[in-house]
Every structure is written in C-alpha cells, then in structure tokens.
1. Where nothing but the Cβ of Lys and Arg (+1) and of Asp and Glu (-1) is charged, how large is the charge dipole of the chain around its Cα centre, in debye to the nearest 20?
2. May I ask you to give the percent of accessible area on the chain that is carbon plus sulfur, with a probe radius of 1.4 Å?
3. Work out the length of the dipole vector of the range 1-150 about its Cα centre, built from +1 on the beta-carbon of each Lys and Arg and -1 on the beta-carbon of each Asp and Glu, and round it to the nearest 20 debye.
4. Can you give me the convex hull volume of the Cα atoms of the chain, divided per residue and expressed in Å³?
5. Compute the relative contact order of the chain as a whole-number percentage, counting only Cα pairs closer than 8 Å that sit 6 or more residues apart in sequence.
6. FRET efficiency for Ala231 and Asp143, Cβ-Cβ distance as r, R0 = 25 Å, nearest 0.05?
7. Which semi-axis lengths, in whole Å and largest first, follow from the square roots of five times the eigenvalues of the Cα gyration tensor of the range 158-228?
8. Please enumerate, by chain and number, the aspartates and glutamates with C-alpha under 15 Å from the C-alpha of Lys303, excluding those fewer than 8 residues away in the same chain.
Amino acid sequence: MSGLDAMEHDDSFQLETLAVRAGQVRSQFNEHAEALYLTSSFVFENAAQAAARFSGESPGNVYSRFTNPTVTAFQDRLAALEGAEACVATASGMSAILALVMGLCSAGDHIVTSNSLFGATQQLFTTILPRFGVHTTCVSQTDVAAWGAAIRPETKLFFLETPSNPLTELADIPALVAIARAHGIRVAVDNCFCTPILQRPLELGADLVVHSATKYIDGQGRVLGGAVAGAKELTDEVLKFLRTAGPTLSAFNAWVLLKGMETLSLRIHAQSAAALELARWLEAHPTVARVYYPGLPSHPQHKLAQRQQKAGGAIVSFEIKGGRDEAWTVVDHCRLLSITANLGDTKTTITHPASTTHGRITPEQRAAGGITEGLLRVAVGLEAVTDLQADLERGLAKS
Ligand SMILES: Cc1ncc(COP(=O)(O)O)c(C=O)c1O
C-alpha cells in the first residue's frame, strides 16, 4: 500500500491533481506509472479463499469480467473527478447507457429523454428497449415544462445529454432535477461533451453521470470505453448487470484511459478556447447560415451555459447555406480535418451528421432533432485555429 491510496478520499485536491493522481494503488514493485494488469483471472491461495471470493464474503479480484485492478484505478479516478461515491467502467459509451438502463429499469418502466440525442442512444431508447418493455418519450431538450408533462406513473428515469450531439442544445440540469425529485425519478446525465472538468452534474443534483470515455477522456482516438458514476447504491445495480452480461472495460483500455485523464484538463480547456475562436470565425462567414456553440452569445442558452459549464466545450456545429451538396463540398475539400465520426480527439474531425452519426434514425426523428442536410459538426482538436480555418475556407468558398 502507498500514500497515494489515501488520495482517493481527499476531496481537497483540485480536479487537475485528481486527474493525474487519484485511483492509483502501487504494487509491491512500487512502479511510478499505473500498472497494467493484463490477466483474465486471479489466483487463490486455497479452495476456501476461492469460495469466499466467489461468494463475496472476502473482498478481492476473481475474474476480469467482475473486477480488475487497472479498471478499478480508472473507475476510482473518474469517480474522484465527478465527485461520485462510485463508478463502474464499461466497454463503450453505449454499453454504459445500456447497463444504466438494465440496472435501473424493468419491463413496464418509462424513460423521458430529449429529441436531441446522439443517434445510437436514440436508437437504443426508441427501437431496442421497447422490445423489452421499457418505453421512452422524447421531448424538446430545452422545454423544461415538456419534460414534466411527459411524466407517467411508471417513469423511472430522466436521461439528459448536455450539451447534445451535434446541436449543442443544453438541458437545464438543476431545473430538470427539481421536477424529477418531486416525482421520485432518477436523473442521469451523459457528460461526454463537457467532461467533469467543465461540468459536474452530480453537484447540480443529478443521480448518475454517464460517459463515452472514447471521447475526451481518451482524447487521442485510441480506444473505446465508458462509465457510469454516482451513488454506490445505484452503481451496484449497474454492476450486477455488467458482471453477468459482460460488457466490461478491458484492462488495456482502462490503462490507456487512465493516461488520457492525466492531460484531460489541459486538452479540454485548450480545445474549448480554439472552438470558441473557430465558432466566432464561422459566425462571421458569408456562406454559413447559423452556428451552434454554447460559448457564443448568439446561442439561445448561452446564459445557462455560463451557469452550468466552465466553458463552451470543443464541439462546433454549423448550418451551411444550402443542403447536402453544399455540406458535402465543405467536407470533401478538407485536407487537414479528418472525415471521421469520432470526436474528442486532439485531431480535429468533421462529420455530416444527417448521413453518418444520425443516418439510421428516421427522417422524422432527424427533423425533430434539428439535424438538417446542411448541418456539419466539427470537433475541434489541438491544431492551430488558423490552419483549421484555411482548411474549411477551401470548401466554404466553393459551397
Ligand atoms: C454524447 C455521446 N454519448 C455516447 C456516445 C457513445 O459512445 P461510444 O461510441 O463510446 O459507445 C457517443 C458517441 O459518439 C456520444 O457522442
């Protein structure tokens, strides 16, 4: 055991310190960097110990589908950043959302969420979960009263993604928490776009935070991962599903994500500042009809963003004058920006949501969510903003 173990419980450290230090437990070799435990199972001293570990009578690792020390370090570090009592890691962001619902909901339960969600999350809620008797009502992200009006006696969960992908619409976390609390409903927030560095949903009253760690937590486009953080009483329910069904995080990915978290604060602040600069430039561009960025005063929820987030984040979406042809012209003229669906990378990416990330939802769902044919999403990385502008300008000038 080392002095670092105590850190997990020290609330006085700043987020930057926790991101580098929290969760690490040194082995008998006293390694400085976090150890990577690439092992599927753990050895017992005797049959009695094996039995006690399996029954849960004695603590300790059994099998990496249940727990693994590298994964535990990742969970503890993210829990510290989110100010959560506990965290469970998953194989991807989508499996975190699935595990959350499987842990908290049963057939007959009802979920309220918004029209403005990541495409796969929408698919999960509207096409897969109904087959298992869990039904969802999608309302306008920004219409607080609509969330309240959608509540039924069997409503168990409000699921918020804020800011949303790709339109950066905000959900008012404290306002929605107040409504949910009055009805005994749990609130889960997908904190993928802001990360705990820019937004701490649990402090604002949410019960659970969900992450696609694939995005900013890795930050370099290497691995997939996810997590659910919150009160242990709730994450234990999620863990019951995970350890049985199996979409757990691999030790290798947990190790990559641990190292990613060490630079999270530096990256998200720098990427956010660059995104604001790019958003201002796009807003002044003659071929751009509209820019969606919470850090711009023109964003309809700019004031809420200032209250709820420390900065606007690194996603800038914009509507080109015209439709799909004009949007694709901008994409096809990019030489620097990567044409790829991922976001949160140090390398800037560009996506046409209507034909990619949101291509599998219905045209009606796209229309309800404001995903038009002229919409483009840029996930700003760490390149010089002037180089990004020059790359986009080539296509914008031709669109
Ligand atoms: C907001 C949001 N939540 C969840 C996910 C799903 O994460 P993953 O791709 O790690 O499954 C994504 C992926 O883009 C996302 O943008």
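The values are calculated or read from the model by the stated rules, or taken from the named source; none is laboratory data. Since this is a predicted model, take the numbers as computed values, not measurements. A quick note on method: Cβ atoms are made from the backbone with ideal geometry, for glycine too, and the neighbour counts reach across all protein chains shown. Only protein heavy atoms, including side chains, enter the accessible area calculation; ligands, DNA and RNA are left aside. Shrake-Rupley method; radii C 1.70, N 1.55, O 1.52, S 1.80 Å.
1. Rounded to the nearest 20 debye, it is 580 debye.
2. Result for the chain: 55 percent of the exposed heavy-atom area is carbon or sulfur.
3. Computed charge dipole of the range 1-150: roughly 560 debye.
4. 137 Å³
5. 17 percent
6. Working: r = 28 Å, r/R0 = 1.14.
The calculated FRET efficiency here is 0.30.
7. In descending order the semi-axes read 23, 12, 9 Å.
8. The qualifying aspartates and glutamates are Glu169, Asp172.
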